[in-house]
Amino acid sequence: MAAAQQAVVKQVTLAGDLEAALDLIRDVPDFPEPGVLFRDLTPVLSDAKALGALVYGVAAACPAADVVAGIEARGFLLAAPVAYGCGVGMVPVRKAGKLPAVAAKVSYALEYGTAELEIAVGAIQPGQRVAVIDDVLATGGTAAAACELVEQAGGVVAGVVVVLEIAALNGRAELEGYQVTALRTV
């Protein structure tokens, strides 16, 4: 088989593996508080084949970028191998109080409260194209805050990639004007 045909076969196999990996996402009712249905990626992350398919799927969905920004905490787990595979750096978008030198901080709303995200001084250079990665797009507040941090640092948001989008929570509305890609929408 020719090299091009082998590449197509590998892509098709990985796409099938990605669907199987996404099927491993577990629903956890009433976490972190009553009434919230948490989407747990732990079963995907703990399975080598599923993790590989997920990283490949996120990397394939990423827009061209100079750096990848992973949102704490599960976005970190995906952004680091995706960045490595794409040959770019990775910038952590952290919860408040975790960085020694903060360039900017943004407060945002969750479906069950509020929180803050920070980015480190010098992590993003002016004009850099940044792909923002997270596990779940729910109400959109976390991803919108990360995009705001990227822009405050002088970066340009190339797009947002999430593993799972919960359509009923309408998070895309918070990300109007940004390219948003979800590997699966429920």
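Here are some notes:
- Most fluctuating residue given options ALA120, ALA48, ALA143, as computed from a GNM of the chain linking Cα atoms under 10 Å: ALA48
- Distance cut-off 22 Å, percentage of C-alpha pairs in the chain lying past it: 45 percent
- Exposure ranking of ASP66, ASP135 by accessible area [1.4 Å probe, largest first]: ASP66, ASP135
- Couplings for the range 173-181, taken from phi via the Karplus curve 6.51 cos²θ - 1.76 cosθ + 1.60 with θ = phi - 60°, read 4, 6, 10, 4, x, 10, 6, 10, 10 Hz in order; Gly and Pro are left as x.
- Eigen-decomposition of the gyration tensor built on the alpha-carbon atoms of the range 34-104 gives equivalent ellipsoid semi-axes of 21, 20, 10 angstrom, largest listed first.
- Largest first, the residues ILE166, ILE119 sort by 1.4 Å accessible area into ILE166, ILE119.
- Rg/Rh for the range 85-186, where both radii come from Cα atoms and Rh is the Kirkwood radius: 0.95
- Once all protein chains are placed together, TYR56 keeps about 80 Å² accessible to a 1.4 angstrom probe.
- The chain: most fluctuating residue of ALA65, ALA21, ALA173 per GNM, C-alpha cutoff 10 Å: ALA173
- Solvent-accessible area, 1.4 Å probe, carbon plus sulfur percent, for the chain: 55 percent
The values are calculated or read from the model by the stated rules, or taken from the named source; none is laboratory data. None of these values were measured; they are calculated from a predicted model. When the accessible area is computed, the model is the full protein with side chains, heavy atoms only, and any ligands, DNA or RNA have been set aside. Shrake-Rupley method; radii C 1.70, N 1.55, O 1.52, S 1.80 Å.
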